[in-house]
Amino acid sequence: MAIDFGGIGKKIKDTASGAVEKGKNSVEVMRLEGEIKTEETRIETIALDLGKAYYKSHKDDHEEQFDRHFNAIADSREKIAQLSQQITKLRGIIKCPTCGADANAESAFCPSCGGKIEHPDGEAAPAPGSKFCPNCGKELAATATFCTECGNKI
C-alpha cells in the first residue's frame, strides 16, 4: 500500500489557507463591529445633545406629550437644590445675601464683599483663620478680603 504524500500536503495546505482566511474574516468582523459601536455611541451623544437643546429651548412651551419628562427634570432639579442646601448647612456655610459668596454660617459679615449677614438669633461667633482684622482684631480666614466681624476691608 502506497502513501500519497502529495495529497496529504495539499490537504494540509488547503486547511491552513482556510484557517488563515477565517482568521482574516474574524479580524474584519471585529473591526466592523467596532465601527458600528462607534456610530451607535455617536448617535446616543447626538440624541442626548438634541434632547438637551430641546429642553433648553422649550422649557416653557413644550408639547404635551413631553410633560412627563419635563416634570421629572423639574422634580430632580428641586431635589438637587434641597440636597445642596442640606450639604451647605452640614458644612456650616451660608450664602451672602449681597454677593452670593460662601461665608461661614456664624460670620456677621461676608469675607468677600463685606456685606452684613443677618442671623435669626442675632449672634455671630468667631471663625478660625490665620490672619487678624487690623480694625477689630477678629481672627480671619487666610483668603478673607473683608473682616467677618466689622466689615473692614483687609
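Of note:
- Summing charges over all other residues whose Cβ lies under 13 Å from the Cβ of ILE154, with Lys and Arg as +1 and Asp and Glu as -1, gives +1.
- Projected-area mean, the range 1-94, by convex hull of Cα positions, square nanometres: 14.7 nm²
- Counting only lysines at least 8 places from LYS153 when in the same chain, those with an alpha carbon closer than 30 Å to its own are LYS89, LYS95, LYS116, LYS131, LYS138.
- Residue of GLY18, GLY137, GLY114 that the Gaussian network model of the chain assigns the largest fluctuation, springs spanning Cα pairs under 10 Å: GLY18
- Cα-derived Rg to Rh of the range 12-56, Kirkwood definition: 1.48
- Between 0 and 90°, nearest 10: helix 5-57 axis offset from the chain longest Cα axis: 30 degrees
- Scanning the chain for trypsin sites (Lys or Arg not before Pro) in DSSP loops with at most 14 neighbouring Cβ atoms within 10 Å leaves 92-154 as the longest stretch between them.
- Hits among aspartates and glutamates - C-alpha to C-alpha of LYS22 under 15 Å, sequence gap 8 or more where chains match: ASP14
- Pairwise label distance in nanometres, ILE80 with LEU50, each label 7 Å out on the Cα-Cβ vector: 2.3 nm
- Counting other Cβ atoms within 10 Å as a rough exposure proxy, the listed residues CYS110, CYS133 run CYS133, CYS110 from fewest neighbours to most.
- Anchor LYS13: aspartates and glutamates whose Cα lies under 18 Å away (excluding residues fewer than 8 positions away in-chain): ASP4, GLU21
- Its relative contact order, with pairs defined as Cα atoms under 8 Å and 6+ residues apart, puts the chain at 12 percent.
Rule-based calculations on the coordinates, nothing more; no lab input. No experiment lies behind these values; they were computed from the predicted model shown. Quick reminder, even Gly has a Cβ in these numbers, built from the backbone with ideal geometry, and neighbours come from all protein chains shown.
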